[in-house]
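The structure appears below as structure tokens.
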Amino acid sequence: MKVYLEVGSFLKRFTSEQTNLEINISGDKTAAEVVLSAGVPEEEIGFITVNGQKVDSDYVLKENDIIRVYPIIVGG
Amino acid sequence: MIYEKYIRVLYLDLTTKKIRIEHRKDLYSYLGGVGVASKLLEENLKPELDPMDPQQPVIFAIGAASTIFPVVTKTVAMFWSPLTGELGESYAGGRMAMTLFLAGYDAIVITGSSSKPTYITISRNNVEFKDARAFWGLSCDEVGRVVREREPGGGKRSIIRIGPAGENLVSYACVCVDTYRHFGRLGLGAVLGSKKLKAISIVGDRDLPIKNFKDYFKVYQEIYNKVTDTSIMSKYHDAGTPVNIEPLNAAGGLPTKNLRQNVFEHGDKISGETFAHKNLVRKMACTGCPVGCIHIGQFRREFDKGHEYEAVSVSYDYELLFALGSFLGIKSSDEVLQLIEVVEKLGLDAMSTGVVLGWATEALAKNLITLEQTLVPLAFGNTQAYITAIEYIAYKKNEFYSILAQGAEKASEIYGGKEFAMTFGKNEMPGYHTGYGSVIGPTVGARHSHLCNGGYSIDQSMKEFDKEKLVEKLFKEEKERCMLNSLIICLFARKVYDRETILAALNSIDYNLTNEDLDAIGERIYKTKLRIKKMMGYDGKNVRFPKRLFETPSMSGQLDEKVAYELLDMYNKKVEEMMAKEDA
């Protein structure tokens with residue numbers, strides 16, 4: 001099944017500069033698994049939304065889900 | 001002082017113009033930085049006098065590893081804050097730490113007050129008090145330029161100075177340091193203003209050979225490689241902290257329009273990405289830092305109608321984009337930069353200024369104050385009105401602005417609206433509405449800053465909210481940062497400087513410390529700060545939370561006021577237990 005991954009400009013360095021990816025997955029896959037397999041390191045992930053809603057990393061994806069990954073909040 | 005078992009302190013008295021240097025062996029156990037500065041503040045403070053009495057001290061100190069290792073770039077200033085009425089502690093980068101180190105001073109204690117505007121020049125073998133009457137009234141950048149032209153030492157010199165806001169004793173006036181760096185928070189600018197001290201120029205030109213170079217260089221290289229070859233620090237160079245706008249806005253943690261909202265509908269117009277595309281022109285670094293996280297943005301301004309344009313450059317980071325952006329409903333990156341330029345010139349703390357104006361905007365809308373008082377129609381998104389209002393604050397244009405110049409807490413005491421005066425311990429809030437950590441952290445933090453214990457960061461990393469765990473983490477981090485700030489590392493690099501790295505670094509330059517020693521140093525410093533706060537009249541049980549924190553949902557959902565007070569109580573008990581051990 002097909003899902004879509006959106007990567008903000010500050011994380012695209014981990015996805016070969018791609019910001020919109022169409023990904024084919026088979027079986028149950030979590031949002032976090034897809035983000036990690038796209039190349040974004042775990043320590044750089046702030047949180048993930050699916051179809052605009054913040055989800056836990058173990059959220060199991062459905063057909064045509066739109067995943068967006070956000071960077072961690074940085075500072076002192 | 002490196003390789004010496006003492007702290008070299010320069011004492012300057014502005015009233016008598018007397019100068020002395022002491023080698024303080026007794027301060028060695030405080031390592032440096034905030035440890036030494038706390039102890040010097042404690043012993044020089046006059047608790048019976050007003051915070052801005054001429055006799056009150058201002059302390060500057062560099063750390064035990066300042067400029068010797070990468071990203072150890074900060075100087076600490078400690079004083080009695082005119083804003084909160086208690087502990088003043090602020091940090092700045094730039095060249096100051098390097099120049100103090102190479103001039104041969106670990107700390108400076110300034111007391112007294114000059115009868116006329118003065119600036120001080122400091123070098124390794126000379127200190128002079130000079131006439132600054134011609135500088136009085138100049139903006140931060142103008143006085144910086146004049147001192148640069150008059151004083152020698154370019155390249156090995158640091159110049160710190162105040163603007164009109166400091167001269168006029170605005171409680172949240174800042175001190176500008178070199179180019180684009182500041183002792184921003186808690187009103188050091190006003191304290192220097194009260195001493196008629198317009199600027200300090202420091203030249204550091206000693207050559208300091210490193211002993212055991214092989215051991216030192218091995219550690220240096222390991223740290224340098226960690227800083228430059230891993231992603232720990234690259235995010236600070238690439239996007240910098242402005243990256244925060246996007247995730248905070250998406251998750252509902254971006255304080256917007258005086259925290260009436262947690263999401264800014266125009267967040268994308270002031271995001272780090274937008275600034276990078278539209279305004280970013282270069283990046284700079286503090287001396288001794290290979291990262292270069294200072295982002296410089298540019299906007300165009302017409303000299304006058306029908307005339308040419310000038311390009312104006314200012315530095316920006318997340319806290320400024322929050323305070324002078326989303327918090328005031330400013331809808332474009334150019335306008336945010338315009339507001340930053342005004343606070344920069346006048347010498348104000350950008351964060352407090354934005355948050356104070358957020359209160360004033362809402363107070364005007366609620367008819368607690370009138371247009372006759374504000375003189376300009378303060379409204380979210382009205383940049384021109386805010387520019388004028390910022391000038392009115394700096395010059396205390398009328399009675400209303402004189403009160404606004406004392407902070408949001410004071411203004412709300414007089415005009416009402418305490419429930420939406422967004423302060424923690426009387427210090428205006430930082431740009432995180434992420435959960436209980438972002439509320440309790442700065443409230444219990446020694447200087448009421450998000451940087452005391454990184455509560456906002458704990459909110460982000462805690463998988464499930466747990467009261468005990470949150471309080472324990474805040475308490476532990478507060479002590480740890482006391483130790484880190486005795487070095488003084490830039491806190492952006494705190495993941496680089498883990499315990500193992502700190503011990504390797506310090507022990508390669510002749511310290512002989514253990515992990516337990518670092519624990520003890522952190523606690524010793526924290527206790528010193530708490531004693532100072534008590535001398536200044538602070539009681540952790542008397543702090544309040546603005547109601548707005550519990551009305552507007554946070555990134556972690558709706559917060560409960562009762563839970564917040566419970567957490568505060570739990571933290572206060574931990575502090576009491578620690579201090580009771582000391583008394584016993």
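Please treat every number below as a calculation from the coordinates, not as lab data. Keep in mind the model is a prediction, meaning the values are calculated, not measured. For neighbour counting, all protein chains shown are included, and Cβ atoms are generated from backbone atoms with ideal geometry for every residue, glycine included.
Things worth noting here:
- With K and R counted +1 and D and E -1, the other residues having a Cβ less than 13 Å from that of B:I7 yield a net charge of 0.
- Per residue convex hull volume, Cα atoms of chain B, in Å³: 145 Å³
- Filtered GluC sites (Glu not before Pro), chain A: DSSP coil and at most 12 other beta carbons within 10 Å: A:E17, A:E63
- For B:S123, residues with placed amide H under 5 Å, excluding near neighbours: B:V203
- Virtual spin-label span in nm between B:T15 and B:R544, 7 Å along Cα→Cβ: 3.6 nm
- Counted by Cβ distance under 9 Å from B:F380, the other residues give a net charge of +1, where Lys and Arg count +1 and Asp and Glu count -1.
- A Gaussian network model of chain A, with springs between Cα atoms under 10 Å, assigns the largest mean-square fluctuation among A:G27, A:G39, A:G52 to A:G27.
- The peptide list B:326-338, B:252-264, B:224-236, put in order of mean Cβ contacts within 10 Å with the highest first, becomes B:326-338, B:252-264, B:224-236.
- Relative contact order (%) - criterion: Cα under 8 Å, at least six apart; region: the stretch A:1-40: 47 percent
- Estimated inter-spin distance, B:E561 and A:N24, nm [label 7 Å along Cα→Cβ]: 5.8 nm
- In this structure the amide hydrogen of B:S66, modeled in the peptide plane, comes within under 5 Å of the amide hydrogens of B:I488, none closer than 5 places in sequence on its chain.
- The stretch B:153-241, relative contact order in percent, only Cα pairs under 8 angstrom and at least six apart counted: 24 percent
- Taking Cα centre as origin and charging only the Cβ of basic (Lys, Arg, +1) and acidic (Asp, Glu, -1) residues, the dipole magnitude of chain A rounds to 200 debye.
- Its Cα centre serving as origin, the stretch B:282-343 has a Cβ charge dipole (Lys and Arg +1, Asp and Glu -1) of approximately 180 debye.
- For chain B, relative contact order (Cα pairs under 8 Å, six or more residues apart, normalised by length) works out to 16 percent.
- Here the calculated FRET efficiency for B:E516 and B:F303, from their Cβ-Cβ distance with R0 = 60 Å, stands at 0.45, rounded to the nearest 0.05.
- Calculated from backbone phi, Karplus (6.51, -1.76, 1.60) coupling profile of the stretch A:17-25 in Hz, x at Gly/Pro: 6, 8, 9, 10, 10, 9, 10, 9, 10
- Since only B:M52, B:L364, B:T75 are under comparison, the one whose Cα sits farthest along the positive direction of the charge dipole of the protein assembly as shown, derived from C-beta charges on Lys, Arg, Asp and Glu, is B:M52.
- Amide N of the stretch B:91-114 lying under 11 Å from the label point, which is placed 7 angstrom from the Cα of B:R24 along Cα→Cβ: B:106-110
- Judged by the mean number of other Cβ atoms found within 10 Å, the most tightly packed of the peptides B:528-541, B:56-69 leads the ranking B:56-69, B:528-541.
- Residue-averaged beta-carbon neighbours from other chains (10 angstrom radius) around B:474-486: 0
- If a spin label sat at a point 7 angstrom from the Cα of B:K5 along the line to its beta carbon, the backbone N atoms of the stretch B:16-44 nearer than 12 Å would be those of B:25-26, B:28-29.
- Only alpha carbons enter this Debye calculation for the stretch B:238-424, each as an equal point scatterer, and the log10 of I(q)/I(0) it gives at q = 0.18, 0.20 Å⁻¹ is -1.17, -1.35.
- In straight-distance terms, cross-link reach from B:K534 covers every one of the lysines whose alpha-carbon lies under 22 Å from its own, apart from those fewer than eight places away in the same chain; here that gives B:K39, B:K46, B:K410, B:K426, B:K476, B:K479, B:K573, B:K574, B:K581.
- Taking other Cβ atoms within 10 Å as a rough exposure proxy, B:H307, B:H277, B:H266 sort from fewest to most as B:H307, B:H277, B:H266.
- Inter-centroid distance (Cα atoms) of the stretch B:501-555 relative to the stretch B:64-84, Å: 14 Å
- Ranked B:M483, B:M78, B:M555, criterion: other C-beta atoms within 10 Å, fewest first: B:M555, B:M483, B:M78
- The stretch B:161-294, dipole about Cα centre (Lys/Arg Cβ +1, Asp/Glu Cβ -1), debye to the nearest 20: 460 debye
- For the stretch A:33-46, 3J(HN,Hα) computed residue by residue from phi via the Karplus equation (6.51, -1.76, 1.60; θ = phi - 60°) reads 4, 5, 5, 5, 5, 6, x, 7, x, 4, 6, 9, 8, x Hz, glycine and proline entered as x.
- For the protein assembly as shown, the spread of Cα positions along the three principal axes, ordered from largest to smallest, is 79, 66, 58 Å.
- In the stretch B:1-76, the trypsin sites (Lys or Arg not before Pro) that fall in loop regions by DSSP, at most 16 other Cβ within 10 Å: B:K5, B:K17
- For the pair B:F213 and B:S231, the difference between a 0.36 nm per residue extended length and the Cα-Cα distance amounts to 3.7 nm.
- Over all other residues within a Cβ to Cβ distance under 15 Å of B:D238, the charged ones net out to -1, with Lys and Arg as +1 and Asp and Glu as -1.
- Simple rule: put +1 on each Lys or Arg Cβ and -1 on each Asp or Glu Cβ in the protein assembly as shown, find the dipole, and look at B:T383, B:V291, B:S139; the Cα lying farthest toward the positive end is B:S139.
- Each residue of the stretch B:190-197 was assigned a 3J(HN,Hα) from its phi angle through the Karplus curve 6.51 cos²θ - 1.76 cosθ + 1.60 (θ = phi - 60°); the sequence is 5, 5, 5, x, 5, 9, 6, 9 Hz, with glycine and proline shown as x.
- Remark on B:R181: its backbone amide H falls under 5 Å from none of the residues 5 or more positions apart or on other chains, H modelled at 1.01 Å from N.
- Calculated translational diffusion coefficient of the stretch B:244-352 (4 °C, 1.567 mPa s; Stokes-Einstein with Kirkwood radius over alpha-carbon pairs) equals 89 µm²/s.
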